[in-house]
1. Restricting to segment 68-87, name every residue that is in a loop (DSSP other than H, G, I, E, B) and surrounded by fewer than 21 Cβ atoms within 10 Å (Cβ to Cβ).
2. Just for strands (runs of 3 or more DSSP E) wholly inside segment 398-460: which have at least 2 residues that are more than 23 Å from Ala376 (Cβ to Cβ)?
3. Out of all the residues in segment 228-264, which are part of a strand (DSSP E or B), in contact (Cβ under 8 Å) with a residue 12 or more places away in the chain and of a type in the set (D, E, K, R)?
4. Where in segment 102-165 are there strands (runs of 3 or more DSSP E), lying wholly inside it, with at least 1 residues that are under 26 Å from Ala233 (Cα atoms) and touching a residue at least 40 places away in the same chain (Cβ under 8 Å)?
5. From (1) in contact with a Leu (Cβ under 6 Å, 6 or more places away or on another chain); (2) assigned to a loop (DSSP other than H, G, I, E, B), pick out the condition that doesn't hold for Lys225.
6. Considering only segment 380-403, state which residues are more than 26 Å from Tyr330 (Cα to Cα) and without any contact (Cβ under 8 Å) to a residue 24 or more places away in the chain.
7. Any residue that is touching a residue at least 60 places away in the same chain (Cβ under 8 Å), more than 27 Å from Tyr187 (Cβ to Cβ) and outside the structural domain of Arg386 (by TED's automatic domain parsing) - is there at least one of those in segment 265-276?
Amino acid sequence: MKKRMIGAAVIGVSALMTLGTAFTSLADWTMDNGEWVYTLNNGEFFKDGWKEDGGHSYYLGSDGYMVRSRLLEINENYYYVNSSGAMVKNEWRELENTSQQSSSVPNDVNWYYFGSDGRAYRSKNGKAAVEEIGGKKYVFDEYGRMLTGWISESGEALTDESAWQDALYYGDGDNNGGALIVNNWLYTSVQDYDNEDDIEPSYWFYFSAAGKKKTSDQETINGKKYYFNEHGAAQTGWVQEDGDEHWHYYGDEEDCSLRTGWFEAVPDEDMDSEGYSDGTSYWFYAASDGDLAVSQIKTISGDVYAFNEYGELMTGLKKMRVENKEILAYDDIESEDDLPGDDEDDWGVYYMDENNGRVKTGNATIDLDGNTYTYAFKSSGSDKGRGIDGVDGNYIYDNGRRLRAESGTKYEIVVHDGTEYLVNTSGLLAKKKKNVTDSDGVYYCTDSEGRVTYTGYDRYTED
């Protein structure tokens, strides 16, 4: 039988009789040189084994003397006998880290737990011993020492810079008496030389009900979705998940859950390098799975919005080519030269409010290239929000812009789709007019639609 005594018992001889040891058969137990021994029928001392008495187990050493206050290694198991010599069961004990044991646990003293059979809980066969004690889980190494901090799958304490990457468990020695973190988060600083922004970042980690660190890609925890890398660090910011062309946004260190609905963020460098370089913050909208609304006109809570190819909310005056709500192409309109040309019939003009991004419907006053114009946008239909093109009521529009006579001219001819119309300086169509004059004295006549039927320097008279 393999046996070893670990650590020294420190106890005075004068205290032996006050240890509280109570034997049911004192005829077999006697004192020898101030120590308890068990005498066999042949008069020899019982040695190297356990003796049961009064519901307790006592260990007699190779000299036959009772062992007290010692950690014993017997047949690759660890036991502890208290100051009375009785085997400890179902108890925690804090013991010195002895030279006979590995120094992989850098503590002067360590906690052990001895089960109902007196054996210390310990890892075996290269697998961590996860034991539940008092409703909490703990890991013990192969020597029975409770481990704290980062712990490997095999039940070893990890203390180097890559410990957080290689570990499976975490024993919270600071706040939870060494118990494993289960069904909860850990926020801690680590060494990460792969992090280009900060080699000493702080990361969030989540541990399951079994105390195991989450390392799978996306996990739903308490109704929220999170994304973990191969080392278990919860990702923040923009993530393009494996095999998925879509970008998802996982917030920041305050809340690294998947963002859905509306959120504001700076785009990733690989997503929109210009926006990233400028540090521009945009509004995005994501569905319940985190997928962004991209390259589309989308109705959200009754309002209409437009998103570019990066998912950024678009604002301002744009010309766009739209098909079935999908934005195929777009460009900014900063001057009249940017308006759709005669060869761009499939392009339309849209205005997204600068403050809230809503696609404008109805009338809007817009400043363009130093001038103020009235625009009108469709309020219904499949192309809701597109600038009205042509006659609408008492006005005529060119890609949403109301056509009007220049200030001071009174009237002016405008051409749309090859037809001449007469409008005043507010853009009102001059309908059923006869011999009205502009500021240059030119006479005009129009029909009921405002189309020009006569123009000249002489008054029109019927033959």
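The values are calculated or read from the model by the stated rules, or taken from the named source; none is laboratory data. The structure displayed is predicted, hence computed values, not measured ones. Positions of Cβ are generated from backbone atoms using ideal geometry, with glycine treated the same way; all protein chains shown enter the neighbour counts.
1. Hits for segment 68-87 are Ser69, Asn75, Glu76, Asn82, Ser83, Ser84.
2. Here the list reads 434-437, 443-446, 452-456.
3. Those that are part of a strand (DSSP E or B), in contact (Cβ under 8 Å) with a residue 12 or more places away in the chain and of a type in the set (D, E, K, R): Asp252, Glu264.
4. 129-133, 136-140
5. (2)
6. Of everything in segment 380-403, just one residue is more than 26 Å from Tyr330 (Cα to Cα) and without any contact (Cβ under 8 Å) to a residue 24 or more places away in the chain, namely Gly393.
7. No, segment 265-276 contains no residue that is touching a residue at least 60 places away in the same chain (Cβ under 8 Å), more than 27 Å from Tyr187 (Cβ to Cβ) and outside the structural domain of Arg386 (by TED's automatic domain parsing).
Listed here are the residues, each with its yes/no results for (1) more than 16 Å from the chain's Cα centre (by Cα); (2) among the polar types (S, T, N, Q).
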| residue | (1), (2) |
| --- | --- |
| Val182 | yes, no |
| Ser189 | yes, yes |
| Ser202 | no, yes |
| Gly211 | yes, no |
| Thr215 | no, yes |
| Thr220 | no, yes |
| His248 | no, no |
| Gly251 | no, no |
